[in-house]
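Everything on this sheet refers to the single structure shown next.
The values are calculated or read from the model by the stated rules, or taken from the named source; none is laboratory data. Just so we're clear, the structure is a prediction, and the values are computed from it rather than from any experiment. When we count neighbours, we look across all protein chains shown, and the Cβ atoms used for this are built from the backbone with ideal geometry, even at glycine.
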Amino acid sequence: MTRKTAAPRLPTGAKARAPQVLGALETLYPDARTELDYRSPFELLVATVLSAQATDVSVNAATPALFARYPDAHALSTASPEDIEPYIRRIGLYRGKARNLAALARLLVERHGGEVPDDFAAVVALPGAGRKTANVVLSNAYGYPAIAVDTHVGRLARRLGLSTQTHPDKVEADLERLFPRGRWVFLHHALILHGRRVCAARRPLCGECVMRPFCPQVGVDLPAPGRPA
Ligand code: SF4
């Protein structure tokens, strides 16, 4: 007889807190969307691969020239990593990303006719892509409900007492249990914006944060009594 594994426990109060978090994010960032510039699923896929451990600003600065030279997977599949490197040199980890993009474009052509597949497993299997990239691409390009957990989403989920997990896949599972499916894509973008603008990794602006009344501030290095948060 097979026994079902119970889902990990959510943090105390997470179910009550989730609607408060969502309401605050909807007020703060009603139009939250990706800050990566793209005009097609191919461009979004490439930009998302480039954005790993890099800022969206640095990616947006590089992609216009890259896409002018290599506008689709067929064009990029003819490029070597050395051809791609000059276009992305200002983005972190550019050598590895150039290798991945060259291989990714060839696989898109060989397996998918040059199109980005609207299939989670197929995107995850592409070089340089992972679960987060697949979620970003499928949700933004094809409207799939998905929560892509990057460093901001993971950090805020823990600070806000929505998850105790550190692995992105497990944070994703906790958030999926807490929020309505129709708001998953919004939640992902809004948490990223809040992480960039207010709840930064090093110095979260708790004193200015509208979520402070209900945020347990898990793991935040709170100031000594008498000093403002
Ligand atoms: S109160 Fe502080 S820890 Fe909580 S979400 Fe706001 S900035 Fe982040």
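Conditions (1) under 23 Å from E35 (Cβ atoms); (2) at pLDDT below 95; (3) within 11 Å of the ligand (Cβ to nearest atom), marked per residue:
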residue	(1), (2), (3)
A157	yes, no, yes
D169	no, yes, no
P180	no, no, no
G195	yes, no, yes
C199	yes, no, yes
R212	no, no, yes
Practice task
Tell me the helices (runs of 4 or more DSSP H) entirely within the range 1-111 that contain at least 3 residues that are surrounded by fewer than 16 Cβ atoms within 10 Å (Cβ to Cβ).
Solution key: 14-28, 56-69, 81-88
Practice task
Could you pull out the residue among R159, R202, R181 that is crowded, with 19+ Cβ neighbours inside 10 Å, more than 16 Å from the chain's Cα centre (by Cα) and either basic (K, R) or not assigned by TED's automatic domain parsing to the domain that holds G96 (or both)?
Solution key: R159
